[in-house]
C-alpha cells in the first residue's frame with residue numbers, strides 16, 4: 001500500500017496559484033456531509049479518510065489517493081506530484097479540524113491517475 005503524505009501548515013491555501021493542465025479539480029467534497037460529520041470526532045473522520053484510497057472516474061480511469069492535508073506542505077507536494085502525472089484535487093470539509101479552522105486553511109485530497117504503464121508500479 002502506498003504511503004499517503006499528510007500535513008498542514010498555517011498560511012492561506014490558494015489552489016488558483018497552482019493551476020496546471022495536469023490538475024483536475026474535483027470541487028468541494030467531504031467525508032460525508034457536515035450534518036453527518038457534526039457529531040464525529042476528528043479521529044473518526046481521519047479513520048474514515050484512511051479508508052479512502054482509490055476511485056474510478058466515469059471513463060474507467062483509476063485514481064490513487066496520494067495526499068491528505070493542506071498548507072505549505074500541500075502546495076509543495078502538489079508541485080512534486082504534477083511531475084509524476086495527472087492529478088485530481090478535491091477540497092474537503094475542514095470543519096472540526098481545529099488547526100484548519102483556526103488558521104483559515106483549506107483541507108485537500110490529492111489523487112494521481114494510475115496508468116497501465118510505469119506509475120502503476122509505484123503503488
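The convex hull of the Cα atoms of segment 37-99, projected and averaged over all directions, covers 5.2 nm². Note on residue 84/residue 41: beta-carbon distance plugged into 1/(1 + (r/R0)^6) with R0 of 30 Å gives a FRET efficiency of 0.35. Between segment 34-75 and segment 77-107, the C-alpha centres lie 10 angstrom from each other.
Coordinate-derived values only; no laboratory data. Since this is a predicted model, take the numbers as computed values, not measurements. In this analysis, Cβ positions are derived from the backbone assuming ideal geometry, glycine residues included, and neighbour counts consider all displayed protein chains.
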